[in-house]
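S.K.: My questions all concern the structure below.
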Amino acid sequence: MQDPYRSQLEALLSAHVLPAFGSQSGHLRAKAAWLAKEFADISFSEGGSGAGPLFNTLLQQVINCLHDRCV
């Protein structure tokens, strides 16, 4: 990813990816989990790479998605 956008990734994850985990649509939750995986190695402002409150929240949401069932 190019440097001009790297500084905006945390805001994007907080504003758009985290809310998608609460969607009624399974494919949107799956896409949110995929995006969380793609950007898990960025350097977060609090905690660095692979740590911090936003990283922990994203990780918990991905784990919650593993409990989803198709009904």
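S.K.: When both residues are 6+ apart or on different chains and their Cβ atoms are under 7 Å apart, which pairs have a first residue that lies in the stretch 37-59 and is over 14 Å from Val17 (Cβ atoms) and among the acidic types (Asp, Glu), and a second that is at pLDDT 85 or above and part of a helix (DSSP H, G or I)?
M.R.: Here the result reads Glu46/Pro53, each pair linking the stretch 37-59 to a residue that is at pLDDT 85 or above and part of a helix (DSSP H, G or I).
S.K.: Kindly establish whether Asp68 is at pLDDT below 90, touching a strand residue (DSSP E or B) at 6+ places or on another chain (Cβ under 7 Å) and outside any helix (DSSP H, G or I).
M.R.: Against the criterion (at pLDDT below 90, touching a strand residue (DSSP E or B) at 6+ places or on another chain (Cβ under 7 Å) and outside any helix (DSSP H, G or I)), Asp68 does not qualify.
S.K.: Additional query: Mind telling me which of the residues Leu18, Leu28, Leu59, Leu9 ends up being open to solvent by less than 40 Å² (accessible area, probe 1.4 Å) and either at pLDDT below 90 or not polar (S, T, N, Q) (or both)?
M.R.: Leu9
S.K.: Here is a follow-up. Among the numbered conditions (1) part of a helix (DSSP H, G or I); (2) among the hydroxyl-bearing types (Ser, Thr, Tyr); (3) surrounded by 12 or more Cβ atoms within 10 Å (Cβ to Cβ), tell me where Ser23 comes up short.
M.R.: Only one criterion is unmet by Ser23, namely (1).
The values are calculated or read from the model by the stated rules, or taken from the named source; none is laboratory data. None of these values were measured; they are calculated from a predicted model. Every residue, glycine as well, gets a Cβ built from its backbone with ideal geometry; the counts of neighbours run over all protein chains shown. With ligands, DNA and RNA removed, areas are computed over all heavy atoms of the protein, side chains included. Shrake-Rupley method; radii C 1.70, N 1.55, O 1.52, S 1.80 Å.
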